[in-house]
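Down below is the structure, laid out as structure tokens.
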Amino acid sequence: MSEPVRRRVVVHGNVQGVFFRDSCRREAERRAVAGWVTNRPDGAVEAVFEGDADAVSALVDWCRHGPRGAEVSSVDDTTEKPEGISGFSIR
């Protein structure tokens, strides 16, 4: 098994009020990715993903379009040092 990776994304656009966070949680759990997702006061959604590199990359790619009803305009993507977190939560 490869070393885990950690990426933080900030998703901009019409991404609040469209079930982005819950859909993201379900996608993360389906891929066995740990982390969290939250709404930001500026209207963006921020998330941290940690786990297998391919699974995390697939989840970041999912964020580029999000669930039905979302209109993603851009995604900021930053690589961070893994912290060994487990589970996925909506904050």
key: Per residue accessible area of the chain, 1.4 Å probe, in Å²   = 55
query = If eta is 1.567 mPa s and T is 4 °C, what Stokes-Einstein diffusion coefficient results for the chain, Kirkwood Rh from Cα pairs, in µm²/s?
reply = 102
ask   = Among 53, 12, 23, whose Cα sits farthest toward the positive end of the charge dipole of the chain (+1 at Cβ of Lys/Arg, -1 at Cβ of Asp/Glu, about the Cα centre)?
value = 23
key: Cα centre as origin, Lys/Arg/Asp/Glu Cβ charges: the chain dipole, Debye   = 260
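The values are calculated or read from the model by the stated rules, or taken from the named source; none is laboratory data. Because the structure is a prediction, the values reported are computed rather than measured. As a convention, Cβ positions derive from the backbone with ideal geometry for all residues, glycine included, and neighbour counts pool all protein chains shown. Protein only, heavy atoms only, side chains kept; ligands, DNA and RNA dropped before computing areas. Shrake-Rupley method; radii C 1.70, N 1.55, O 1.52, S 1.80 Å.
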